[in-house]
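Written below as C-alpha cells is the structure these notes are about.
The values are calculated or read from the model by the stated rules, or taken from the named source; none is laboratory data. Everything quoted here is computed from the prediction, not taken from an experiment. Ideal geometry is used to build each Cβ from the backbone, glycine not excepted, and the neighbour counts take in all protein chains shown. These area figures cover heavy atoms from the full protein model, side chains too; ligands, DNA and RNA do not enter into them. Shrake-Rupley method; radii C 1.70, N 1.55, O 1.52, S 1.80 Å.
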Amino acid sequence: MRTANRFFDRENYRAAIPLYEEVIASNPDNATALYRAGISLLTFDKERAADYLYRAQALKPNVDRDLNYWLGRVDHINYRFDSAIENWQEYQQDIPRRNEYRREEVAQLIQQARNAKRETANPKDVFVKNLGGTVNTAFSEHSPVISSDYNYLLFTSRSEGTAGARAAEDGEYYEDIYETNRIAEDEWQPTRIVSGALNSSGHDASIQLFDNDTKLLLYQSVNNGDIMVSERQADGSWGEPRSISDEVNTPDFESDAYITPDGQTLYYSTSHNSENGDLDIYVVRRNENGTWGTPRSLGRSINTPYDDDSPYLASDGSLYFASRGHNTMGGYDIFYAEYDSVARRWARPVNLGYPINTPDDDTYYRLSPDGTYAYLSSYRIGGYGEKDIYTINYIKSAEVEGQVFTQADSLLIPGVELVFNGLQADKRPITYRDVTKPDSANYDVQVLSGRTYQVQLSMDNQVIETQEIEIPVVLDDTTTVRRDFYIALSDTATATLIARDGTRGTRSTAFAMQPVYFDTDEYELRPESIEQLDSIARIMKENPNINISIEGHTDSRASDSYNETLGQNRADAAYDYLVRQGISPKRLVTVTYGERRPAVPNTSAENMQLNRRTEFKVLPRQDDVAQ
C-alpha cells in the first residue's frame, strides 16, 4: 500500500494500479485502496474506475474529502451526466471560499456536463471507427499523419517498444514516432519505429507531412518543447530534425502546428505570452527572404483562458483546433471556425458535436487529403487502452433500387408509390419517395445510409402495406443497394401487371387487408401495425358483412411446436386489439400456421422478416352460410 501510494502521489498511475489491485484482492473492503485505484484507472478503464469509486463510497462515504469530485469525473466520462452534476454540486458546497480556483473548475465541469448532455442528445450523422489493433495498443496512440496518396501513416505512440523506454515521470514510455503502410482499405502493415534520426531519448511526436510528403513537422521535448522539421533522405529514412525557427520556438512550450500547402503560413500552439501558462494558437507568415516573421495571436475569438491546441487549416479556409475552453463536452473537444474576411476576424468557434467529440479528450483532428474523412485521437469506451486513433467518415447517401412484385406469382406491378420514412441521427424525420415505372415497375431513390426505414407501399392513394428495410452505413458516393418488394393482392379491382418476359395484362386485383409484422421471437404489436389494424377495424365497421380469419405465421428459426405457439400469440395480439376497437368477437377467427406457410423462402434476414407476420383473410358470415 505504501509503495502504491508513492506511485500515486507522483501520478504514476500505471505502476500504482497493480499494487492497489493486490491490496484489494487480499482486502476487498479497503476503501482507500478502492478509491485510489479508481482514480488511477480513469485513464485506462473508465467502467472499472466507476466500480471502484462507488464501492469505496459504499464502504466509507468519508474516505476522502474529494470523493464527490472524482465521482463526478467518473460519471461524466461514463455518460451519466445528471449524476455527475449532482456529485459536483454536492462537492461545491464543501469547497472553501478561499479556494477560488477549485470553485471555478467545478463550475466549468458542471457546464461541460450540461453541454455533453445536450450534444449526445443531438448526435451528428457521422461514422466513427477505431483504426484497429495493428495501430492501436493498450498504451496511448495519437497525432495521426496521412500521406497525400493515403497509403503511408505516421503516428505517435507510448507503447512498449519506444526508444525512450520507461523513463518519463508519469511511468509511461516516452513518445516515439511510428509508421505503417496501407495494404487494404482497412488493413495496415505491422507498425515500426520510424527509421533515421526522428526519435530521441525524450518525447517525439508526428505533426504533418508537407512539400509533397518530403518534409515532416514534428514535436520534440527539447527546450521545453519545440516544433521541428525533418527532411526525407534518399534511402527513405528521415534526417536529423532542426528547429523550424527561433521566431516560433521559445523557451516555453510549443505543442503542435500546421503549415499551409504553399509553405508560407504556419499556425501553431504555444504557452509563450500566456498569462497562466495555457496554450494559445498563433499564426506566423514567411518574409520575402524566406525567414519567418513575427508571430501573431489568433485573438480571443479562438484563444481562451484554457488550452487551445492542435490547429489545422482545411482547404476551404476553416480552422479546426482542439480546446479545453469554449463550450466543450469535457476535456479537449474539436472545434472549427470560419474567417470573416470583411471583419478580418475569426467567427465564433463551433463544437463539431457528438460522436466526433466525447466527454473525454478528443484531439489531433486531421482531414484526409481530399477532405472526405478525418483522423482523430480519442479515449473512448471500447478502445484498446488509453488514447486510440479513429477515423471519422461523414455518412453518405446510398442509391436504393429494385422492383415491386405480386407475392403470389411474382408479376411486376407498375404505379406503386414507395415512401421511405426514417430518422436522422438527431431523431428528426426524413422521407424519400418514388413510384414504380410504367414499363418496368422499377423504382430508384437516394436515401441517407446507416439506418432503418419503414417503407410504405400504396396505389391509388390506398396503403397496401408497410415493410422494413435496413440500409448499411455508406462512406462513398457510389454504393447501390438492391431491394425488391413483394406485396399481397386480393380479388376486387383491376390493375395492370407485367410478367418477367414483358407480357402485360390486367387482373382483378385490389388490396387485401395487409399483414402486420413482428420482431424476432416477439408478438408485441409495432406502431405501424397499430395503424394497419385501425384501418382493418374501419373497413369492418364500414362493411358489417365481413368476417375475417386472423392467421399467425413465423420464420423457421425455432422448433415446430414453439413456432405454433408463437404464431397463435401473434394472431391473438391482432384479435385482442380489434376487439378493443369494437369489432365483435363473433366476426373474428384465429388460426396458427407457425412456420408451415412461409410467404417467401427463409433464406435471408429480410425474407424472415416477411414471414414473421399475421395475415387477414375475408370469410363469409355464419348466417350468410346458413341462408
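Brief remarks on what is shown
- Ser529 meets each of the listed conditions (1) surrounded by fewer than 12 Cβ atoms within 10 Å (Cβ to Cβ); (2) polar (S, T, N, Q); (3) in contact with a strand residue (DSSP E or B) (Cβ under 6 Å, 6 or more places away or on another chain) apart from (1).
- Listing of strands (runs of 3 or more DSSP E) fully contained in segment 226-310 that carry 2 or more residues being farther than 22 Å from Ala347 by Cα: 226-231, 254-259
- Whether a residue is out of contact with any Gly (no Cβ under 9 Å at 6 or more places or on another chain), closer than 22 Å to Tyr384 by Cβ and of a type outside the set (Gly, Ala, Ser) was assessed, and Glu100 does not pass this test.
- Of the residues making up segment 386-426, those that are open to solvent by 30 Å² or more (accessible area, probe 1.4 Å), touching a residue at least 40 places away in the same chain (Cβ under 8 Å) and either out of contact with any Gly (no Cβ under 9 Å at 6 or more places or on another chain) or closer than 30 Å to Gly353 by Cβ (or both) number 14.
- Residue under evaluation Ser301, criteria (1) within 35 Å of the chain's Cα centre (by Cα); (2) open to solvent by less than 30 Å² (accessible area, probe 1.4 Å), criterion not met: (2)
- Applying the condition of being at pLDDT 90 or above and in a loop (DSSP other than H, G, I, E, B) to segment 427-438 and asking which residue is least open to solvent (accessible area, probe 1.4 Å) yields Thr436.
- When the strands (runs of 3 or more DSSP E) confined to segment 335-417 are screened for residues that are under 30 Å from Thr478 (Cα atoms) and under 15 Å from the mean Cα position of the chain (by Cα), those reaching at least 1 such residues are found at 373-378, 388-394.
- If you go through segment 424-444 and pick out every residue that is closer than 23 Å to Gln514 by Cβ and within 25 Å of the chain's Cα centre (by Cα), you end up with 3.
- Any hit, segment 53-60, residues being touching an Asp or Glu at 6+ places or on another chain (Cβ under 8 Å) and either surrounded by fewer than 22 Cβ atoms within 10 Å (Cβ to Cβ) or among the polar types (S, T, N, Q) (or both): yes
- Tyr453 vs. criteria assigned to a strand (DSSP E or B) and either over 25 Å from Val128 (Cβ atoms) or among the β-branched types (Val, Ile, Thr) (or both): no
- Of all residue pairs spaced 6 or more apart or on separate chains, those with beta-carbon atoms under 7 Å, a first member in segment 305-334 that is over 17 Å from Gly353 (Cβ atoms) and free of Cβ contacts under 8 Å to residues at least 24 places away in the same chain and a second member that is of a type outside the set (S, T, N, Q) and assigned to a strand (DSSP E or B) are Gly317/Tyr339.
- Boolean, Tyr593 is outside any helix (DSSP H, G or I), open to solvent by 60 Å² or more (accessible area, probe 1.4 Å), at pLDDT 90 or above and touching a strand residue (DSSP E or B) at 6+ places or on another chain (Cβ under 9 Å): no
- Remark: Ile583 falls outside the filter, which requires a residue to be in contact (Cβ under 8 Å) with a residue 12 or more places away in the chain, of a type in the set (A, V, I, L, M, F, W, C), buried (at least 19 other Cβ atoms within 10 Å of the Cβ) and closer than 28 Å to Arg483 by Cα.
- Some residue of segment 545-558 being assigned to a helix (DSSP H, G or I) and either of a type in the set (D, E, K, R) or in contact with a His (Cβ under 8 Å, 6 or more places away or on another chain) (or both): no
- Wholly enclosed helices (runs of 4 or more DSSP H) of segment 45-162 bearing at least 1 residues touching a residue at least 40 places away in the same chain (Cβ under 8 Å) and charged (D, E, K, R): 46-59, 100-120
- When Asp64 is tested against the conditions (1) under 31 Å from the mean Cα position of the chain (by Cα); (2) closer than 21 Å to Ala15 by Cβ; (3) open to solvent by 20 Å² or more (accessible area, probe 1.4 Å), the lone failure is (1).
- Residues of segment 179-220 classified as open to solvent by 30 Å² or more (accessible area, probe 1.4 Å), β-branched (Val, Ile, Thr) and in contact (Cβ under 8 Å) with a residue 24 or more places away in the chain, total: 2
- The residue of segment 16-42 that is nearest to Val74 (Cα to Cα), among those that are in contact with a helix residue (DSSP H, G or I) (Cβ under 6 Å, 6 or more places away or on another chain) and open to solvent by 30 Å² or more (accessible area, probe 1.4 Å), is Arg36.
- Any hit, segment 168-181, residues being aliphatic (A, V, I, L, M), within 25 Å of Ala4 (Cα to Cα) and modelled with pLDDT under 85: yes
- Taking the conditions (1) over 30 Å from Pro369 (Cα atoms); (2) of a type outside the set (D, E, K, R); (3) part of a loop (DSSP other than H, G, I, E, B); (4) touching a residue at least 40 places away in the same chain (Cβ under 8 Å) in turn, Ile464 satisfies each one other than (3).
- Any pair with Cβ under 9 angstrom, 6 or more apart, that starts in segment 344-355 at a residue that is free of Cβ contacts under 8 Å to residues at least 60 places away in the same chain and ends at one that is open to solvent by 60 Å² or more (accessible area, probe 1.4 Å) and of a type in the set (Ser, Thr, Tyr): Arg345/Tyr339; Trp346/Tyr339; Ala347/Tyr339; Pro349/Tyr336; Val350/Tyr336
- Extreme residue, farthest from Thr431 (Cα to Cα), among residues of segment 463-517 that are open to solvent by less than 60 Å² (accessible area, probe 1.4 Å) and at pLDDT below 60: Gly505
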